[in-house]
There are 2 protein chains.
Amino acid sequence: MSKVNIKVLADQLQLSVSTISKALRDSYEISDETKKKVMELATRLNYIPNPYASSLRRKKSKTIAVVLPEVADNFFSLAINGIQSVAETKGYHVLIYLSHEKFANEKTILEDCASGRVDGVLISISSETNSADHINKLQANNIPVVFFDREQEGTETARVTTNDFDCGLMAANLLLQKGCHKPAFISVSESLPLLQNRINGFKAALNKASIPQTDQQIVYCTDNDSMYKQVKSLLQSGHRPDGLIASVEKIVTPVYLACHELNIRIPHDLKVIAFATLDTAPILNPPLTTITQPAFEIGKAAATLLFKGIEKSTFDLRRERVVIPSVLIERESTM
Amino acid sequence: MSKVNIKVLADQLQLSVSTISKALRDSYEISDETKKKVMELATRLNYIPNPYASSLRRKKSKTIAVVLPEVADNFFSLAINGIQSVAETKGYHVLIYLSHEKFANEKTILEDCASGRVDGVLISISSETNSADHINKLQANNIPVVFFDREQEGTETARVTTNDFDCGLMAANLLLQKGCHKPAFISVSESLPLLQNRINGFKAALNKASIPQTDQQIVYCTDNDSMYKQVKSLLQSGHRPDGLIASVEKIVTPVYLACHELNIRIPHDLKVIAFATLDTAPILNPPLTTITQPAFEIGKAAATLLFKGIEKSTFDLRRERVVIPSVLIERESTM
């Protein structure tokens with residue numbers, strides 16, 4: 001069956017395309033009788049207006065984009081729910097694009113967004129991203145951008161984050177307070193400011209407690225596939241830590257499995273704390289102490305700001321900074 | 001800064017909009033000298049062509065939609081990765097739409113997809129969906145549709161699923177073999193054919209083992225918020241099961257927490273098996289026996305079929321049925 005478009009309607013009614021188009025737009029130039037004929041046929045043939053054409057007229061796509069590194073992390077799925085809760089009340093569609101942690105993908109996605117397909121963009125940058133040009137181009141095209149969670153410092157716009165420095169400090173202090181002397185921090189990126197903030201908090205706590213630099217290990221596991229191997233070799237090294245901070249939730253399973261494999265008991269031999277919104281944290285063996293980010297609220301706040309930017313061109317997004325604190329939930333893994 | 005469009009270029013060069021448009025399309029009607037001037041200014045002002053306008057000419061959006069109930073389930077995030085792995089090789093964008101398990105949302109999303117925004121749709125239906133009209137309308141508009149995981153029986157098109165009946169049978173047989181006499185099945189929807197297939201497999205195994213109907217419990221937990229309460233009251237009832245099959249992974253945490261609360265030991269008092277692709281299954285307390293769906297492969301196979309439908313209008317999607325079997329991984333929860 002061929003697509004029903006204005007031309008099909010025009011052919012069947014022996015009218016011009018322009019007449020059909022005007023009739024569908026309820027133009028005063030067209031008689032009521034003709035309008036009725038056109039509408040009846042359009043309904044009968046299940047005609048659907050082409051949004052590309054009507055977007056050209058309306059200049060609004062009624063769509064926002066959410067650009068994310070991945071959805072396998074619970075943080076992002078919860079954040080999406082927060083975003084969607086706002087978009088629904090505005091009658092907007094939400095399109096989700098995944099960069100898969102690749103800068104090249106993120107760039108292509110934003111080029112696509114730049115060209116009228118969406119009215120605004122919420123972005124959490126990939127772990128590879130360390131320049132801002134591709135994001136600034138969007139803004140130069142009058143498409144408002146709001147960062148959530150992972151921000152890029154070179155772009156002047158609103159950002160909604162959590163208190164990453166304080167959380168790094170809080171995690172380290174908990175480990176110190178539970179008797180750790182050689183805690184390590186496992187990161188997944190050398191460039192994400194968010195992880196750098198957590199690391200800075202971690203270091204500040206250790207410096208304050210006079211832990212020597214040599215006992216302040218930062219380990220970078222940038223490759224998903226070798227994470228288990230890297231964690232295992234850290235735990236087998238001469239510099240074996242007595243406490244671990246997992247900077248993102250996907251590090252948790254490799255850490256637990258490596259400990260099991262090496263007969264390292266959590267929390268007796270190694271205390272573990274993770275930045276995670278893992279649903280299963282309380283039923284792990286042992287239950288996992290987490291720093292839980294307010295993912296839903298971060299998504300909601302970011303979307304609320306973006307819609308202000310979309311609806312009022314005078315609203316200055318550059319002034320907006322929202323920090324929603326995370327929550328420490330102590331469980332057996334740090335007892 | 002205002003958006004750079006063809007009109008801006010035309011004003012600055014004192015040429016007509018139509019001349020600029022033709023120059024950008026490299027039309028033979030325009031002199032090389034003019035073309036050069038236009039291209040230079042377009043590059044300097046960072047002009048980006050409007051994709052809505054160019055899509056109208058090209059008739060291809062180079063975009064596919066993936067319509068899903070949610071992303072919090074690992075199955076769907078892995079399936080998205082499989083889909084994206086194919087779309088990337090085709091140079092296509094992937095837009096992800098979430099129905100949040102609501103039929104009304106799914107309907108609006110498909111109306112949006114029907115109108116030229118995308119070239120094809122991969123869909124896993126919401127748990128509320130029990131009619132096919134909204135999907136059939138898409139096909140009537142010549143937009144190919146492929147089901148993955150959750151299908152709608154009233155639509156004739158390709159579907160990529162796993163062996164749900166066999167898996168229900170396999171899960172029940174494992175519980176029986178481990179000594180259960182009163183196993184229960186927890187479902188989250190009364191209408192999804194996929195869950196009905198799993199239940200049918202479960203019942204077939206129990207009937208074959210001559211388990212009386214009164215000891216074949218099917219429990220429906222359709223509301224996320226009351227799941228914990230419902231599971232707890234099942235475990236406190238006179239009809240307390242000695243084995244549980246969780247039909248989707250979000251049931252796992254409520255089950256483990258309720259058992260902990262009620263001092264029911266897994267696997268001693270209750271054996272548990274779940275349909276899940278949970279990363280943390282091996283580190284739960286106790287490690288969880290799972291029936292693991294080949295999520296990545298299902299996504300990949302569905303996308304491969306969809307692109308055949310998009311690229312060759314003669315390719316008959318209706319004949320295509322792909323079933324990729326799931327894998328039973330035994331762990332301590334059923335020992």
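Distances in nm, one decimal, shortest first, from B:GLN213 to the same residue in every other copy, taking the label point 7 angstrom along Cα→Cβ.
Copy-to-copy label distances for B:GLN213: 7.8 nm.
Report the calculated FRET efficiency for B:LYS7 and A:ASP133 (r = Cβ-Cβ distance, R0 = 25 Å), to the nearest 0.05. Working shown, then result.
Working: r = 26 Å, r/R0 = 1.02.
In this case the efficiency is close to 0.45.
Using label points projected 7 Å from each Cα along Cα→Cβ, tell me how many nm separate B:GLN213 and A:THR108, to one decimal.
According to this spin-label approximation, the distance is 5.7 nm.
Compute the Cα gyration tensor for the protein assembly as shown, then decide on rounded, prolate or oblate, letting a ≥ b ≥ c be the square roots of its eigenvalues: rounded whenever a/c is under 1.5, prolate when a/b is larger than b/c in the other cases, and oblate in all that remain.
Note, shape of the protein assembly as shown comes out oblate.
When the Karplus curve 6.51 cos²θ - 1.76 cosθ + 1.60 is applied with θ = phi - 60°, which whole-Hz ³J(HN,Hα) does each residue of region B:188-202 get, with x for Gly and Pro?
Result, ordered by residue: 10, 7, 8, 10, 5, x, 4, 6, 4, 4, 5, 5, 4, x, 4 Hz.
What angle, in degrees between 0 and 90 and rounded to the nearest 10, separates the Cα long axis of helix A:295-311 from the longest principal axis of the Cα atoms of chain A?
It works out to around 40 degrees.
Distance in nm between label sites at B:ARG319 and A:ASN224, each 7 Å beyond Cα in the beta-carbon direction?
About 3.5 nm separates the two model spin labels.
Are there chymotrypsin sites (Phe, Trp or Tyr not before Pro) in region B:229-311 that DSSP marks as loop and that have at most 14 other Cβ atoms within 10 Å, and which are they?
Nothing satisfies the criteria.
Can you give the accessible area per residue of region A:160-265, in Å², using a 1.4 Å probe? If you can, show how the numbers build up before the last one.
Details: 4550 Å² over 106 residues.
I get 43 Å² per residue for this part.
Cut-off 10 angstrom, C-alpha nodes, Gaussian network model of chain B. Which of B:THR214, B:THR292, B:THR155 fluctuates the most?
Evaluated over chain B, the most mobile residue of the options is B:THR214.
Using the Cα gyration tensor of region A:95-200, with a ≥ b ≥ c the square roots of its eigenvalues, what is the shape: rounded (a/c below 1.5), prolate (a/b larger than b/c) or oblate (neither)? Walk me through the intermediate numbers first.
On the way: a/c = 3.23, a/b = 2.51, b/c = 1.29.
Prolate, since a/c reaches 1.5 and a/b exceeds b/c.
Name the residues of region B:273-316 whose accessible area falls by at least 10 Å² when all protein chains are present instead of the chain alone, probe 1.4 Å?
B:LEU278, B:ASP279, B:THR280, B:PRO282, B:ILE283, B:LEU284, B:ASN285
Give the percent of DSSP beta bridges with both residues in chain B that are antiparallel, rounded to the nearest 5.
Numbers: 3 of 36 bridges.
Bridges in chain B are about 10 percent antiparallel.
If you build a Gaussian network model of chain A, linking Cα atoms that sit under 10 Å apart, which residue out of A:TYR220, A:TYR47, A:TYR97 swings the most?
Looking only at A:TYR220, A:TYR47, A:TYR97, the biggest GNM fluctuation is shown by A:TYR47.
May I ask you to give the solvent-accessible area per residue for region B:6-49, in square angstrom, as obtained with a 1.4 angstrom probe?
Working: 2970 Å² over 44 residues.
Heavy-atom accessible area per residue stands at 67 Å².
Over 26 Å between Cα atoms: which of A:LYS271/B:LYS229; A:LYS137/B:LYS308; A:LYS178/B:LYS229; B:LYS62/B:LYS312 fall into that group?
Violating the 26 Å Cα-Cα cut-off are A:LYS271/B:LYS229; A:LYS137/B:LYS308; A:LYS178/B:LYS229.
Just want to confirm a number: the relative contact order over chain A, from Cα pairs under 8 angstrom separated by 6+ residues, in percent.
Computed value for chain A: 18 percent relative contact order.
Chain pair A, B: how much accessible area is buried, both chains summed, with a 1.4 Å probe, in Å² to 100?
Approximately 4800 Å² gets buried when A meets B.
Shortest first, in nm, what separates the label point of B:GLU261 from those of the same position in the other copies (7 Å along Cα→Cβ)?
With the label placed 7 Å along Cα→Cβ, B:GLU261 yields 3.6 nm.
Nm distances between the label at B:LYS7 and the same-position labels in the remaining copies, 7 Å along Cα→Cβ, shortest first?
With the label placed 7 Å along Cα→Cβ, B:LYS7 yields 2.8 nm.
Would you mind classifying region A:164-292 by shape? Square roots of the alpha carbon gyration tensor eigenvalues, ordered a ≥ b ≥ c; an a/c under 1.5 is rounded, otherwise it is prolate if a/b is larger than b/c and oblate if not. Write out the running numbers ahead of the final one.
Numbers: a/c = 1.27, a/b = 1.19, b/c = 1.07.
Because its axes are fairly even, with a/c under 1.5, region A:164-292 counts as rounded.
Tell me the net charge near B:TYR92. Cut-off is 10 Å between Cβ atoms, B:TYR92 excluded, with +1 for each Lys or Arg and -1 for each Asp or Glu.
+1
Which angle between 0 and 90 degrees, to the nearest 10, do you get for helix B:32-44 versus the longest principal axis of chain B when only C-alpha atoms count?
50 degrees
Where a Cα-Cα gap under 20 Å defines reach, which aspartates and glutamates qualify for B:LYS36, not counting those fewer than 8 residues away within the same chain?
B:ASP11, B:ASP26
Counting only other residues whose beta carbon sits under 11 Å from that of B:ILE310, what net charge do I get with K and R as +1, D and E as -1? Don't jump to the answer; show the numbers that get you there.
On the way: positive: B:LYS60, B:LYS62, B:LYS90, B:LYS308, B:LYS312; negative: B:ASP119, B:GLU311.
Charge balance near B:ILE310 sits at +3.
I need the phi-derived Karplus couplings for region B:114-128: 6.51 cos²θ - 1.76 cosθ + 1.60, θ = phi - 60°, integer Hz, Gly and Pro marked x.
Result, rounded to whole Hz: 5, 10, x, 5, 10, 9, x, 9, 9, 9, 10, 6, 6, 6, 8.
What net charge do the residues around A:ALA172 carry, taking every other residue with its C-beta under 14 Å from that of A:ALA172, with Lys and Arg at +1 and Asp and Glu at -1?
Once all neighbours under 14 Å are counted, the net charge is +2.
Put simply, what bits of region A:57-88 lose 20 Å² or more of accessible area when the other protein chains are there, versus the chain on its own (1.4 Å probe)?
Residues losing area: A:VAL71, A:ALA72, A:SER77, A:ASN81, A:GLN84, A:GLU88.
Kindly work out what percent of the DSSP beta bridges joining two residues of the protein assembly as shown are antiparallel, to the nearest 5.
10 percent
Quick check: the angle from helix B:252-261's long axis to the longest principal axis of chain B, C-alpha only, nearest 10 degrees?
For B:252-261 against chain B, the angle is about 40 degrees.
Picking from A:LEU278, A:LEU13, A:LEU195, which is most flexible by a Gaussian network model of chain A using Cα springs under 10 Å?
Looking only at A:LEU278, A:LEU13, A:LEU195, the largest GNM fluctuation is found for A:LEU13.
Where the centroid of each part is defined by its Cα atoms, how far is region B:7-34 from region B:251-316 in Å?
57 Å
For region B:59-107, with every protein chain kept in place, what is the accessible area per residue (1.4 Å probe, Å²)?
About 32 Å² of surface per residue is accessible.
At a 1.4 Å probe radius, carbon and sulfur cover how many percent of the accessible area of the protein assembly as shown?
Numbers: 14250 of 29050 Å².
Here carbon and sulfur together make up 49 percent of the probe-accessible area.
The values are calculated or read from the model by the stated rules, or taken from the named source; none is laboratory data. These numbers were taken from a predicted model, which means no experiment stands behind them. Quick reminder, even Gly has a Cβ in these numbers, built from the backbone with ideal geometry, and neighbours come from all protein chains shown. These area figures cover heavy atoms from the full protein model, side chains too; ligands, DNA and RNA do not enter into them. Shrake-Rupley method; radii C 1.70, N 1.55, O 1.52, S 1.80 Å.
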